[in-house]
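These notes are about the structure you will find just below.
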Amino acid sequence: MPTSNASTTDSAKSSASGGVQSLERAFDLLERMADAGGEVGLSELSATSGLPLPTIHRLMRTLVACGYVRQQPNRRYALGPRLIRLGESSSRLLGTWARPYLARLVEETGETANMALLDGDEIVYVAQVPSKHSMRMFTEVGRRVLPHSTGVGKALLASVPDAEVRALLSRTGMPAATEKTITTPDGFLAALEDVRRLGYAVDDNEQEIGVRCLAVSVPDSPTAAAISISGPAGRVTEAATDKIVPVLQGIAVELSQALASSGT
């Protein structure tokens, strides 16, 4: 990628993809900031992006002026509050796009279908389609829960390095929702190893007694997302799991493809 200098206007350049280079660079910096935990220094951004410091400084100055980035007293840069509104709107749209796929999941499994995202250290439910059974599970859209006691939490954290999972658990704690909730980091990491080995996650009465949940991550989702089904333990049995999991995995792939095509 060509570097900028003081006499070059980024906004006048077009990238190889046909976009505006300065916009692509600005969004790349925002994503790098998010990957780094939300706060970075200019030298860190320069090292990871390969862009020269003057270019990064100009882009960050514009992002600060727009409210998408803020400069901290220690001179480092942090993601700004205006991104919250964009993220909330995007989450709602993501749930809307997912609903037809969740409806198919309900039709094919008979159980309530959910979609959830990892938002900071918490799981937030962004969409649900209820089962047609009179006895069914209900989770309010917008509800936030800790990841250690949920199937979607396990599905989402299975791809996160163990050290980062331990750090998250140290921040949130591991309170017991039921007597079956995993309450130790080592126990939770062992459960994540099972998720990686099996290709799906299970919440076996860990969030609510009498309820089982099966979950898978949505591969290559633009933000970490998972879909799940939940139902009474008497219906979501081990035998039912063998039939439900392939359906979950197939619909997760279809949803992933739909999300990818919507961004092109």
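The values are calculated or read from the model by the stated rules, or taken from the named source; none is laboratory data. In this text the structure is predicted, and so the values were computed from the model without any measurement. Every residue, glycine among them, receives a Cβ derived from its backbone with ideal geometry; neighbour counts consider all protein chains shown. For accessibility, only protein heavy atoms count, side chains too; no ligands or nucleic acids. Shrake-Rupley method; radii C 1.70, N 1.55, O 1.52, S 1.80 Å.
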Among helices (runs of 4 or more DSSP H) completely within the stretch 79-188, the ones holding 3 or more residues that are in contact (Cβ under 8 Å) with a residue 40 or more places away in the chain and surrounded by 13 or more Cβ atoms within 10 Å (Cβ to Cβ) are 82-109, 151-157
Residue count, the stretch 202-212 (criterion: open to solvent by 40 Å² or more (accessible area, probe 1.4 Å) and either outside the structural domain of Ala158 (by the TED database) or in a strand (DSSP E or B) (or both)): 1
Only one of Thr184, Thr172, Thr178, Thr139 that is within 23 Å of Gly250 (Cβ to Cβ) and among the β-branched types (Val, Ile, Thr): Thr139
Out of Ala191, Ala226, I need the residue that is open to solvent by less than 40 Å² (accessible area, probe 1.4 Å) and within 18 Å of the chain's Cα centre (by Cα). Which one? Ala226
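Table: residues versus (1) modelled with pLDDT of 95 or more; (2) in the same structural domain as Tyr101 (by the TED database); (3) closer than 16 Å to Met137 by Cβ.
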| position | (1), (2), (3) |
| --- | --- |
| Leu157 | yes, yes, no |
| Leu192 | yes, yes, no |
| Tyr200 | yes, yes, no |
| Leu214 | yes, yes, yes |
| Thr223 | no, yes, no |
| Ala233 | no, yes, yes |
Looking at (1) surrounded by fewer than 15 Cβ atoms within 10 Å (Cβ to Cβ); (2) in contact (Cβ under 8 Å) with a residue 24 or more places away in the chain; (3) under 15 Å from the mean Cα position of the chain (by Cα), which is the one condition that is false for Gly37? (2)
Evaluation of Val195 against (1) assigned to a strand (DSSP E or B); (2) closer than 14 Å to Gly153 by Cα (one fails), failing number: (1)
Consider Arg212 carefully, then state whether it is within 18 Å of the chain's Cα centre (by Cα) and touching a residue at least 24 places away in the same chain (Cβ under 8 Å). no
